[in-house]
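Report on the following structure.
Quick note: the coordinates plus some simple rules give every number you see, no bench work behind them. No experiment lies behind these values; they were computed from the predicted model shown. Please note: Cβ atoms are built from the backbone with ideal geometry, for glycine as well, and neighbour counts cover all protein chains shown.
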Amino acid sequence: MKATVFLGGGRITGALLAGLRLANYHRPIIVYDRHPEKLRKLKRVYGVRTERELGNAVEQAQLLIIAVRPDSLKNLLQNIGEIDHPLIAVSLVAGVPLARLREGLGKRVRWGRAMPSPACRSGRGLTALAFDRRMPSSEQREVKDLFLKVGTVIEVRESKFDAFTVTYSCSHGYHALATLADAAEKLGLNRKTALLAAAHALADGIIAWREGNISLDDLLHEAATPGGIAATVMRSMDAAGYSRAVRSGLAAGLRRTRKNATQI
């Protein structure tokens, strides 16, 4: 049986391997990386096969997952060279469009893009997908099935892929949790209590929205009684530039994502 082959043994590969192991993924998995210490760790923790030779790894692939940094992608594709057999390749490299990816590896390769969340390690990930127009529906399903093992999958028009990339990151939640907990500590709560309170404010409230059938506007109205404490806090945050700061952050992330496309 041909394998699912990961090129790159970094953090997102580790998260995907954890989620796939949790889901009892049946296809053989091979990981290639230039750094032997990464391969040893992945083999020990997840029981995957590892490969030090790039050509050997690609030759064994039914599904090729490219999970390297943007500044490493050009050299990686050049080192692989043109592939003379049909292959499904999925790039996890932020910002590099399908049009640029199609320039590498030859015409036998059908490309997709995926943007998976590190939360996939627990099976609660969210992955956006976009496909090359030449990829048959059966192969698209194969890619979707892989990422469905580790969470929710949505298709996003490639023209909107970068906007999704800068919006969906778990870092927003972690950043907000750290910021809210730090502010609570300054009000006198100990670290444990501050984190618990902040985590409830963020995570439990959002779960209530995701799993219920109440609109976000109605939940905001319910939680923030006019003239009450929550309403006062939100009004003060908005006046301090909360919405402006979020928009500015996403815009900066979008510029950085699009810069990646120039590196290949």
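Side notes on the structure shown:
- Estimated 222 nm signal from helices in the chain, with DSSP H stretches of n ≥ 4 weighted -39500 (n - 2.57), rounded to 500: -15000 deg cm²/dmol
- Short to long, the 10 Å bins of the Cα pair-distance histogram for the chain hold 6, 25, 31, 20, 12, 5, 0 percent of all pairs.
- Considering only beta bridges that DSSP places wholly inside the chain, some 15 percent are antiparallel.
- Once backbone amide H atoms are built at 1.01 Å from N, Gly151 has Gly125 as its partners under 5 Å, excluding neighbours fewer than 5 places away on the same chain.
- Treating each Cα of the range 32-179 as one equal point scatterer and applying the Debye formula with no solvent, the log10 of I(q)/I(0) at q = 0.09, 0.11, 0.19, 0.21 Å⁻¹ comes out as -0.30, -0.45, -1.34, -1.53.
- Sorted fewest first by neighbouring Cβ atoms within 10 angstrom, Tyr174, Tyr32 come out as Tyr174, Tyr32.
- Among Ala240, Ala130, Ala15, residue whose mean-square fluctuation peaks in a GNM of the chain (springs only between Cα atoms under 10 Å): Ala240
- Taking Leu17, Leu189 and counting other C-beta atoms within 10 Å, the order from fewest to most: Leu189, Leu17
- Distances between every pair of Cα atoms in the range 170-260, grouped in 5 Å steps from 0 to the bin holding the largest one, split as 2, 11, 14, 21, 23, 15, 8, 3, 1, 0 percent.
- Sorting Tyr168, Tyr242 from the fewest to the most surrounding beta carbons within 10 angstrom yields Tyr242, Tyr168.
- In order through the range 88-97: 3J(HN,Hα) via Karplus (6.51 cos²θ - 1.76 cosθ + 1.60), integer Hz, x for Gly, Pro: 9, 10, 10, 9, 9, 7, 5, x, 8, x
- Relative contact order, percent, the chain [alpha-carbon distance under 8 Å, six or more residues apart]: 17
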